[in-house]
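Presented below is the structure to which this report refers.
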Amino acid sequence: MGKFFRCFFATLFGTVFGVIILIGLFVGVVLLSMKIPATDYKSKNVLVLKNTVSIGEVTTPSMPAVFAGMENETKFGLYDMLTVLKQAATDDKINGIVLEDVVLDAGYATVQELAEALMQFKASGKFVVGHFNALAQKSYLLASVCDEISMSSEGMAEFHGISSASVHYKDLLEKVGVKPIVIRCGKYKSYVESVTSNKMSAENREQKKAYIDAIWNSYAASLHANKHVSAKTLNLLADSVLVCSPNDLFSVGMIDTICHADVFWNSVKDKMGIAHSESISKISFRTYLEDYLVKAQADTTGNQSIALIIAQGGIEMGKADDEAIGSDSYVNLFQKVREDSAIRSVVFRINSGGGSALASELIWREVALTANEKPVIVSMGDMAASGGYYIAAPATQILATPSTLTGSIGVFGMSMTAEQLMKKIGVTYDKVNTHAHSDFGNISRDMDPVEVRAIEKSIDKTYATFKLRVAEGRGLPVDYVEQIAQGRVWSGNDAQKNGLVDSLGGLADALRIAAEKAGLTDEESYSVRVFPKSKSLPEMLYGRFNARSSLMDKLSEITEVKQLTETIPTKSGVYAQLPYSMIVE
């Protein structure tokens, strides 16, 4: 009995002690998250953007040092970055911006928007310079706006063009005895090809080639405008070598100086007007941004406002989360924005490859109702395709960048049956039905022609509705929409030409147009209210502590598996979704 009580009290003590530690950590995190930002910057400072920079649509808080060992997936929100750059341009204590070995985790469209914001910063008369030991292709798009780019003598750079690959599982499914049942509308709707074919269809290859060529042409045009690098020079680099030396880049004018870091920083001091013997005051972009966000929360502005509604991730029924555009959440959100008389116009920022057709229809309805009462300007991010285009269609005006992936007006339905698999593993299945198709959808048997036709009718109806929504929203004949639909993806540049997009521009342009449409000409007289609100640090940590750690979660950390599991439909229904294989590198 004594042993029992010793174990009991030891367990009790350990539990209580653990709870106390967790409470202490939580209180510490709350205090950290409520800290007052340092406002005593020196009179001369540079903002530094360095190392890996992950850019999404919403800023996530950075982890305190006590959680340094925890997986940190913090991101910069593009809107916050654009706003902070605009503030820094008028901040007397910020002399310039330094890019240091920046590696970008973002799409080409997002990088282009950030590059344009840096150009606006430069227009204020302040400098933007960069120093790199390694220079990636996407990073150079951002670096090309610099007044000067320097590299270490032993550095390296890569320019290899753009590729889009697809993974196919047809043979694997056949070997294990799983049969896909696939019905699609649109010959370019290539989502299902991963399970029905061993290679890309001619149509899929055609649209992918057109899209990656459009990205590359836009990339080359930006480099020519920013650094006077010819498309011929860029193509020669991409065709000849995968890794370039600093001397190679210097010889064609793609970088300005080859020097060590200390020499580079002395040149920055010269630009700031301080002696080489003095230490330079560096402010990390993350610190400056978080300081700004705290100030913005306490800032009081006029009653009039523009709503910035951010939608990122797959479109699903139910509530939204960090990775999904939930129909319930966005229906309620648009209703609230529509009823708020202080909100004069709306910018709907979409970064989505689509998802549930029904969820897209529900959100479409609310966007359409809102656009009838106040201007709704859509700003497309890296992608706004399939269901992502569905919810954009009724907007007052649609903007995309040249590299945005959009269109993909088409739908599909997909299911799996495992009759052969069950035979292989010795599993039998018996049933009793009240009607001929009472067990419809049971994976133990193949679908019969009657059932397949029933699904086809549903998918045909959804496709017809999708085309009608686009025709009504864009003021186009349905027959013409059919010509540019068929599930085909388009670059923003091509989408403008075929009428799916009104004009080329980024988020900043959309906000400006929304203000003009609402008659808000004085920036001091209105505010931008962002929806939905980003998570606080305590909320994010709570989610991390409650994260699952199953085998599937571990497997999902592998990039290829994650790309597959994030995009395979997990619920029944008809999908307006971009092919998961549309991965651009």
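Test of understanding: among VAL195, VAL128, VAL176, which residue is open to solvent by less than 30 Å² (accessible area, probe 1.4 Å), among the aliphatic types (A, V, I, L, M) and farther than 22 Å from VAL53 by Cβ?
Only one candidate qualifies: VAL195.
Is the range 332-350 home to any residue that is open to solvent by 30 Å² or more (accessible area, probe 1.4 Å), touching a Lys or Arg at 6+ places or on another chain (Cβ under 8 Å) and modelled with pLDDT of 95 or more?
yes
Return yes or no: is ALA311 surrounded by 20 or more Cβ atoms within 10 Å (Cβ to Cβ) and under 29 Å from ILE513 (Cα atoms)?
Yes; evaluated as a whole, the condition is true for this residue.
Determine whether LEU249 is open to solvent by 50 Å² or more (accessible area, probe 1.4 Å) and under 18 Å from ALA134 (Cβ atoms).
Spelling it out, it is not the case that LEU249 is open to solvent by 50 Å² or more (accessible area, probe 1.4 Å) and under 18 Å from ALA134 (Cβ atoms).
I'm checking my understanding of the structure. Among residues of the range 148-163 that are of a type outside the set (Asp, Glu) and surrounded by fewer than 19 Cβ atoms within 10 Å (Cβ to Cβ), which one is nearest to LYS122 (Cα to Cα)?
For the range 148-163, the residue satisfying everything is SER152.
Just the residues that are loosely packed, with under 15 Cβ neighbours inside 10 Å and assigned to a helix (DSSP H, G or I), please, taken from the range 218-235.
ALA221, ALA225, ALA231, LYS232, ASN235
List, please: which pairs have Cβ atoms under 6 Å, are six or more places apart or on different chains, and start with a residue in the range 450-470 that is under 11 Å from GLY410 (Cα atoms) and in contact (Cβ under 8 Å) with a residue 40 or more places away in the chain and end with one that is open to solvent by 60 Å² or more (accessible area, probe 1.4 Å) and of a type in the set (A, V, I, L, M, F, W, C)?
Going by the 6 Å Cβ cut-off, the qualifying pairs are LYS467/VAL478.
Need at least 1 residues that are closer than 20 Å to TYR288 by Cβ and either at pLDDT 95 or above or over 18 Å from the mean Cα position of the chain (by Cα) (or both) per element, so show me which strands (runs of 3 or more DSSP E) inside the range 62-175 make the cut, counting only ones lying wholly within it.
Correct list: 94-105, 127-135.
Among the residues of the range 363-402, how many are touching a residue at least 40 places away in the same chain (Cβ under 8 Å) and open to solvent by 10 Å² or more (accessible area, probe 1.4 Å)?
10
Anything in the range 418-433 that is closer than 12 Å to VAL176 by Cβ and polar (S, T, N, Q)? List them, or say none.
GLN420
Return the pairs, sorted by first residue and then second, in which the second residue is basic (Lys, Arg), the first residue lies in the range 254-279 and is open to solvent by less than 40 Å² (accessible area, probe 1.4 Å), the beta carbons are less than 7 Å apart, and the residues are 6+ apart or on different chains.
MET254/LYS227; MET272/LYS44; ILE274/LYS44
Could you list all residues from the range 494-515 that are part of a helix (DSSP H, G or I) and touching an Asp or Glu at 6+ places or on another chain (Cβ under 7 Å)?
Hit for the range 494-515 is LEU507, nothing else.
Of all residues being at pLDDT below 95 and of a type in the set (D, E, K, R) in the range 320-331, which is surrounded by the fewest Cβ atoms within 10 Å (Cβ to Cβ)? Just the residue, please.
GLU323
The values are calculated or read from the model by the stated rules, or taken from the named source; none is laboratory data. Keep in mind that what you see is a predicted model, and the values were worked out from it rather than measured. All Cβ positions, even for glycine, are placed from backbone atoms using ideal geometry, and neighbour counts span all protein chains on display. Only protein heavy atoms, including side chains, enter the accessible area calculation; ligands, DNA and RNA are left aside. Shrake-Rupley method; radii C 1.70, N 1.55, O 1.52, S 1.80 Å.
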